[in-house]
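The block underneath contains the structure these notes are about, expressed in structure tokens.
The numbers here are math on the coordinates, done by the rules we state, and not lab data. Note that the structure is predicted; figures quoted are calculated from it, not measured. Counting neighbours? That spans all protein chains shown, and the Cβs are built from the backbone with ideal geometry, glycine included.
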Amino acid sequence: MCIDEFSRSEIEEAIKRIDELMRTEIFTTKNIHNPFVRSAFIEVLICLRDLMYKAEKYSSRISFDDEIVKTKEIQDISSVIKYVRDALCHLDSENHYIEPGNIKASYNIMYGKGVLLRIGDFKQESEHDDDPCFFFGSQKIYLKTHILRAYEEAKTKLLPLLG
């Protein structure tokens with residue numbers, strides 16, 4: 001499938017912007033209290049969601065499922081990225097709530113291994129010492145394990161198509 005000039009430009013801009021944001025090291029522990037961590041995370045997820053969509057449209061879906069909290073709606077990394085992006089961009093989204101129940105637990109970050117929240121059998125838990133973990137309701141997404149891997153896979157699929 002041929003990529004139109006608008007999509008080509010959007011792909012190039014998303015890649016450029018994610019690269020710029022990652023070079024700032026905004027997601028390292030030295031920036032835990034930086035007020036721009038959330039803004040950077042939102043922008044990365046918006047750009048990454050667009051890259052996931054375009055990878056699926058022009059090549060194939062990015063579908064690894066390592067350490068994904070699977071549900072009926074969430075089966076792979078592309079669906080987790082959409083879920084998190086929707087939570088970030090829609091404050092009234094159900095994606096902020098722990099299932100089942102009406103407990104809101106959204107945009108929690110853990111730098112390092114441990115349990116951030118425990119309610120009954122449910123845990124917001126990070127299993128990595130060296131990979132920041134972001135929690136939205138019942139879902140979690142790791143920076144390195146999920147976001148950066150999905151980003152690299154998207155680039156691998158899309159850049160050769162740009163010519």
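Angle, helix 149-162 long axis vs. longest principal axis of the chain, Cα atoms, 0 to 90°, nearest 10?
With rounding to tens, the tilt is 10 degrees.
Starting from the Cα of residue 104, move 7 Å in the Cα-to-Cβ direction to define the label point; list residues of the stretch 81-97 whose amide nitrogen is under 11 Å from there.
Those under the cut-off are 91-94, 96-97.
Subtract the Cα-Cα distance of residue 93 and residue 65 from 0.36 nm times their separation in residues, and report this length gain in nm to one decimal.
7.8 nm
Mind listing the long-range amide H neighbours of residue 108? Cut-off is under 5 Å, sequence gap 5 or more, other chains count too, H placed in the peptide plane at 1.01 Å from N.
Close amide H contacts, sequence-distant or interchain: 135.
If you take the beta carbon distance between residue 12 and residue 38 as r and set R0 to 22 Å, what does 1/(1 + (r/R0)^6) give as a FRET efficiency, to the nearest 0.05?
In this case the efficiency is close to 0.30.
Here are a few candidate values for P(r) over Cα pairs in 5 Å bins from 0, in percent: (i) 2, 8, 17, 19, 16, 12, 10, 8, 5, 3, 1, 0; (ii) 1, 9, 18, 21, 21, 15, 9, 4, 2, 1, 0; (iii) 1, 8, 14, 16, 17, 14, 11, 7, 4, 4, 2, 1, 0, 0. Which one was actually calculated from the structure I just gave you?
Recomputing P(r) over Cα pairs in 5 Å bins from 0, in percent here gives the entry labelled (ii).
Could you tell me which residue out of 150, 110, 84 lies farthest along the dipole of the chain toward its positive end? Charges go on the beta carbon: Lys and Arg +1, Asp and Glu -1, centred on the Cα centre.
So the residue we want is 110.
Measure nothing but the geometry: give the 0 to 90° angle between the long axis through the Cα atoms of 5-23 and the longest principal axis through the Cα atoms of the chain, rounded to 10°.
Roughly 50 degrees, rounded to the nearest 10.
Placing unit charges on C-beta atoms (Lys and Arg positive, Asp and Glu negative, everything else neutral), compute the dipole magnitude of the stretch 5-162 about its Cα centre in debye, rounded to 20.
The calculation lands at about 100 debye.
For helix 77-89, report the angle its Cα long axis makes with the longest principal axis of the Cα atoms of the chain; keep it between 0 and 90° and round to the nearest 10°.
For helix 77-89, the angle is close to 70 degrees.
Give the distance, in whole Å, between the Cα centre of the stretch 123-159 and the Cα centre of the stretch 55-76.
12 Å
Return the FRET efficiency for the residue pair residue 30, residue 162: r is the Cβ-Cβ distance, R0 is 45 Å, and the value is rounded to the nearest 0.05.
Computed FRET efficiency for residue 30 and residue 162: 0.85.
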